[in-house]
Amino acid sequence: MIPIRLPAAGRSKEAVLAEMQAARANDLRWHEGRVFSLVFFAGDEAASLLKEAYNLFFSENGLNPTAFPSLRRFETEVVAMSARLLGGDDHVVGNMTSGGTESILMTVLTAREWARAHRPGIHTPEMILPATAHPAFDKAAHYFGVRLVRVPVAPDLRADVAAMQAAITPNTILIVGSAPAYPHGLVDPISELAAVAQAHGLLCHVDACVGGFMLPFVRQLGYPVPDFDFQVPGVTSISADLHKYGYAAKGASVILYRDGALRRHQLFAVTDWAGGIYASPTMGGTRPGGAIAAAWAIMNYLGEEGYRRLAAQVMQATEQIRAGINAIDGLHVLGDPPMSLMAIASDHLNIYEVGDEMGARGWHLDRQQFPPTLHLTLNYAHVHQTDAFLRDLAAATAQVRRPSLRKTLDRLLVALARGAARWLPAGIVSKLTGRVSGLVGGSGGGLPERSAAMYGMMGSLPNRGDLKEVVLDLVEGFTTPPPGR
Ligand SMILES: *Cc1c(COP(=O)(O)O)cnc(C)c1O
């Protein structure tokens with residue numbers, strides 16, 4: 001436990017706020033447009049509207065829909081606007097949730113309950129998804145006891161429909177595709193997946209968490225976008241995150257179902273509790289009114305025209321950045337992503353070293369594995385950063401091409417871990433990895449400044465279970481003080 005307790009006496013508002021401002025000193029400065037995927041920003045006026053709308057309903061609780069008809073109306077309208085945008089007809093229903101993860105949890109729960117009602121012979125339900133689908137499905141499998149069957153993607157990095165079809169068993173209840181999948185920004189062949197699902201009497205979920213409020217506008221602008229929404233026969237549910245390209249306040253997503261009969265399996269009620277009759281549509285009990293209100297506000301503030309304008313600017317920036325990346329000797333974008341997510345790869349350079357060099361230049365890029373890439377999610381916050389980004393990326397790549405002692409050391413460490421993993425006991429390898437990642441991570445805690453060696457090792461460790469323990473140790477550590485504090 002960290003040596004901190006509730007202060008015996010309260011402190012002044014000024015003192016509390018001052019300390020909080022100071023605490024932000026080392027936070028990522030997303031406002032400069034150098035952080036990707038964690039923050040979506042539609043401009044200062046939109047942000048101030050979100051804050052005012054959130055504040056207006058700061059205290060209201062979305063738990064009881066009869067207490068605050070305002071919130072009920074906002075949620076109903078947000079769901080309806082989202083459903084229309086995603087090709088839904090009058091039968092489509094849904095709910096707001098706290099985020100993409102909760103929307104996905106709901107769809108897997110609903111599939112399980114649907115199967116209990118309609119496929120009573122199934123005792124160990126299974127869902128089939130491409131290797132690239134979001135870990136929220138692993139979480140849902142873990143929470144709800146549904147077996148997760150991940151199928152490697154095709155050479156074009158999209159879902160391999162034939163392989164997924166071949167993975168169907170009598171226990172399969174749900175097939176999943178993404179629009180787009182996060183790692184490479186590619187949209188799975190949704191029409192084909194949904195057709196397979198329909199032919200086998202299965203549910204088909206489209207994870208449009210990141211694309212749901214972008215792809216419709218990208219298509220309106222005339223860019224080619226594969227079919228992915230309720231217009232596709234066989235698609236039974238869609239998740240779409242308002243707090244991503246909906247540019248809403250955090251804590252806002254929608255889960256949509258083709259009809260009310262399917263959504264019915266999601267709902268929860270207890271009738272014999274001492275506290276009265278209790279019903280709730282989603283995971284949460286108390287639900288923040290502010291998040292619901294802010295989502296309604298931004299949708300009405302931007303409208304189709306506003307979202308299209310933002311999408312146009314983001315797509316221009318995307319095209320410029322894609323062309324710029326492909327023009328840098330040694331770098332390329334994987335596949336042909338239809339919107340503003342992409343993965344940067346290299347055939348002969350260590351891409352993690354490029355990530356480290358970008359980090360040294362103030363750009364925070366996520367590292368990915370299988371294959372090693374850097375990830376980009378471009379939103380409105382980045383539209384004026386394209387030149388600076390490409391300049392630094394060219395410089396970072398040039399730097400990586402030069403030989404250095406550190407790079408030789410990094411390569412040695414990776415080779416050591418790879419070699420050691422073959423003959424050392426698993427436990428020792430994980431200690432070694434932890435030790436080395438601490439070593440290359442530089443000055444204690446926080447985000448490592450140089451991580452190429454660590455990512456190189458993590459990607460090559462054969463014992464993934466062992467790696468999981470190391471990662472869980474890290475997660476535990478986030479809420480535990482560093483020694484000697
Ligand atoms: C972000 C994302 C999720 C999870 O959403 P959270 O809001 O982070 O819970 C799921 N799927 C995809 C494709 C995503 O990009």
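The values are calculated or read from the model by the stated rules, or taken from the named source; none is laboratory data. Values in this document were obtained by computation on a predicted structure and should not be read as measured data. Reconstructed Cβ throughout: ideal geometry from the backbone, glycine too, with neighbour counts over all protein chains shown.
Only one of the numbered conditions (1) touching a residue at least 24 places away in the same chain (Cβ under 8 Å); (2) in the same structural domain as Gly290 (by TED's automatic domain parsing) is violated by Ser37, and that is (2). Quick one: which of Leu256, Leu202, Leu221, Leu262 is of a type in the set (A, V, I, L, M, F, W, C), surrounded by fewer than 18 Cβ atoms within 10 Å (Cβ to Cβ) and away from the ligand (no atom under 14 Å from the Cβ)? The match here is Leu221. Taking strands (runs of 3 or more DSSP E) as the structural unit, those lying wholly within segment 330-375 and holding at least 2 residues that are touching a residue at least 12 places away in the same chain (Cβ under 8 Å), surrounded by fewer than 22 Cβ atoms within 10 Å (Cβ to Cβ) and not small (Gly, Ala, Ser) correspond to 331-333, 366-368. Residue count for segment 280-308 under the criterion of being more than 13 Å from Phe57 (Cα to Cα) and in a loop (DSSP other than H, G, I, E, B): the result is 6.
Restricting the search to segment 205-218, which residues are in contact with a strand residue (DSSP E or B) (Cβ under 7 Å, 6 or more places away or on another chain) and either assigned to a loop (DSSP other than H, G, I, E, B) or more than 16 Å from the ligand (Cβ to nearest atom) (or both)? Matches in segment 205-218: Ala208, Cys209, Val210, Gly212, Phe213.
Checked against the criterion of being within 11 Å of the ligand (Cβ to nearest atom), in a strand (DSSP E or B) and not small (Gly, Ala, Ser), the candidates Val176, Val187, Val149 yield just one match: Val176.
Does Ser103 satisfy the criteria of being within 12 Å of the ligand (Cβ to nearest atom), under 16 Å from Ser237 (Cβ atoms), within 19 Å of the chain's Cα centre (by Cα) and not hydrophobic (A, V, I, L, M, F, W, C)?
Yes; evaluated as a whole, the condition is true for this residue.
Scanning segment 30-51 for residues that are of a type in the set (D, E, K, R) and surrounded by 12 or more Cβ atoms within 10 Å (Cβ to Cβ) returns Glu32, Arg34, Lys51.
Only one entry of His134, His123 meets the criterion of being part of a loop (DSSP other than H, G, I, E, B) and within 11 Å of the ligand (Cβ to nearest atom), and that entry is His134. For Thr76, state whether it is surrounded by fewer than 23 Cβ atoms within 10 Å (Cβ to Cβ), more than 19 Å from the chain's Cα centre (by Cα), of a type in the set (Ser, Thr, Tyr) and not in a helix (DSSP H, G or I). No; evaluated as a whole, the condition is false for this residue.
Based on what the data block shows, is Leu38 touching a strand residue (DSSP E or B) at 6+ places or on another chain (Cβ under 7 Å), outside any helix (DSSP H, G or I) and within 30 Å of Ile344 (Cβ to Cβ)? Criteria not met by Leu38. Specify the residue that is surrounded by the fewest Cβ atoms within 10 Å (Cβ to Cβ); the eligible residues are those in segment 296-310 that are farther than 22 Å from Met339 by Cα and touching a residue at least 40 places away in the same chain (Cβ under 8 Å). Only one residue tops the list, namely Tyr301.
Of all residues in segment 224-253, which are within 12 Å of the ligand (Cβ to nearest atom) and either at pLDDT below 95 or in contact with a Ser or Thr (Cβ under 7 Å, 6 or more places away or on another chain) (or both)? Scanning segment 224-253 gives Ser239, Ala240, Asp241, Leu242, His243, Gly251, Ser253.
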